[in-house]
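Structure first, then comments.
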Amino acid sequence: MTTDDFQRNRENFCYRHPDRQSFVLCQRCLRTICPECQTPAAVGVVCPECLRDQQKAQSPAQRKAERRWSRPRAVSASSGQPIVTYTIIGITAFVYLLTLIPGIGESIQQALLYWAPWMYPQLSGQFQPWRLLTVSLVHSGIWHVGLNMLALWMIGRSLEPLLGRWRFLTLYLLSALGGSVAVTLLSFTTPVVGASGAIFGLFGALLVIGRHIGANIAGIAIVLGINLVIGFIPGFNVSWQAHVGGLLAGLLVAFIFTRTRAVRQRGLQIGLLVAVGAGLIALLFVPVLVPAVVVG
């Protein structure tokens with residue numbers, strides 16, 4: 001096809017903005033639309049007219065579910081891209097690349113991994129609390145970091161816009177903290193690396209929030225169950241303790257989100273999240289106060 005032929009063919013330009021070239025079609029009416037006119041749908045994108053028709057055709061239950069998470073007085077969805085998700089992936093990938101550098105890579109990993117005795121100066125002579133969270137930045141290999149970041153990318157694209165950036169980040173960090181605390185209580189002398197605790201927290205949040213808005217969570221539950229079982233199979237060398245701890249933290253944080261969504265409950269929500277963080281930190285005193293409880 002010649003350039004002139006291309007220019008004369010109106011199907012190569014947005015039907016609402018004739019001066020804008022595009023190759024993207026509305027998945028419902030198949031008209032060409034430019035980026036400004038595109039709205040993401042379950043499959044592909046739709047144009048403004050089809051979006052209006054789709055909203056008019058929604059059932060009362062669907063409209064109710066949409067309002068519950070989009071109205072101003074609720075926990076509103078953030079606009080734009082899932083920046084926090086992409087930032088975490090970028091930082092984690094960067095740290096992993098640093099750990100591959102001969103001579104300093106191993107030192108970086110050793111400085112960031114989690115080993116419970118380093119939380120207790122009376123036992124190890126050191127106190128390094130940052131490891132409770134930095135453990136999520138270091139991984140044991142390309143498959144480890146790749147699968148964790150793939151899961152974060154898949155979940156974060158949906159969950160971050162739904163919750164908002166700061167709530168999503170809070171969920172991720174508290175889930176990572178929950179994983180480290182569980183390792184402390186259940187596998188005290190085992191050094192661990194990886195973001196699996198935080199990832200399982202996101203899975204748990206998907207279950208709670210999905211059920212709250214009436215979504216089908218069967219697929220999520222199956223994937224979560226399979227990954228939990230894998231952690232208990234000998235030879236896989238994964239920390240099921242971190243998985244369980246992160247999952248429980250994520251379930252709790254998501255429950256708080258679903259029960260404190262109104263603007264008037266913002267203070268209560270923040271207070272409860274702070275209480276969750278304080279409660280997890282308090283559990284770290286168990287090995288000191290009740291040493292017999294710790295398994296490791």
### Summary
Taking placed amide H atoms and a strict 5 Å upper bound, the residues 5 or more places from PHE188 or on another chain that come that close are VAL295, GLY296
### Task
Name the long-range amide H neighbours of VAL24: under 5 Å, sequence gap of 5 or more, or other chain; modelled H, no Pro or chain starts.
ILE33
### Summary
What the 5 Å binned alpha carbon P(r) of the stretch 160-222 shows, as percent of pairs per bin from 0, is 4, 17, 23, 20, 18, 10, 7, 2, 0
### Query
Over the stretch 198-272, what percent of the accessible surface lies on carbon and sulfur atoms, probe 1.4 Å?
70
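Could you check how many percent of all C-alpha pairs in the stretch 125-260 are farther apart than 24 Å? Numbers along the way, then the final one.
Working: 2297 of 9180 pairs.
In whole percent, the long-distance tail amounts to 25.
For the stretch 76-178, give the percent of accessible area contributed by carbon and sulfur heavy atoms, probe 1.4 Å, rounded to a whole number. Display every interim value, and only then the final one.
Numbers: 3640 of 5110 Å².
That share works out to 71 percent.
Using only alpha carbon pairs under 8 Å that are at least six residues apart, calculate the relative contact order of the stretch 138-217 and give it in whole percent.
Details: 57 pairs, mean separation 29.5, N = 80.
Relative contact order comes out at 37 percent.
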### Message
Check which residues have an amide H placed less than 5 Å from VAL45's amide H, if you skip close sequence neighbours.
### Response
GLN27
## Note on the structure
Taking 108-116, 202-210 and ranking on average Cβ neighbours within 10 Å, highest first, one gets 202-210, 108-116
### Query
Per residue, how much accessible area does the stretch 207-296 show when a 1.4 Å probe rolls over the protein heavy atoms, in square angstrom?
57
### Query
Going highest first, how would you order 128-139, 259-270, 173-184, 44-55 by mean Cβ packing within 10 Å?
173-184, 128-139, 44-55, 259-270
#### Entry: Using θ = phi - 60° and Karplus 6.51 cos²θ - 1.76 cosθ + 1.60, couplings along the stretch 130-143 (whole Hz; Gly, Pro as x)
4, 5, 4, 10, 5, 4, 6, 9, 10, 9, 8, x, 5, 5
### Query
Using the alpha carbon gyration tensor of the stretch 235-278, what are the three equivalent-ellipsoid semi-axes (square root of 5 times each eigenvalue), largest first, in whole Å?
29, 10, 5
### Query
Can you work out ³J(HN,Hα) from phi for every residue in the stretch 123-129, in order, using Karplus 6.51 cos²θ - 1.76 cosθ + 1.60 and θ = phi - 60°, giving whole Hz and x for Gly and Pro?
9, 10, x, 9, 9, 10, x
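The values are calculated or read from the model by the stated rules, or taken from the named source; none is laboratory data. The structure displayed is predicted, hence computed values, not measured ones. Virtual Cβ from ideal backbone geometry, glycine too; neighbours counted across all protein chains shown. Accessible surface areas use protein heavy atoms only, side chains included; no ligands, DNA or RNA. Shrake-Rupley method; radii C 1.70, N 1.55, O 1.52, S 1.80 Å.
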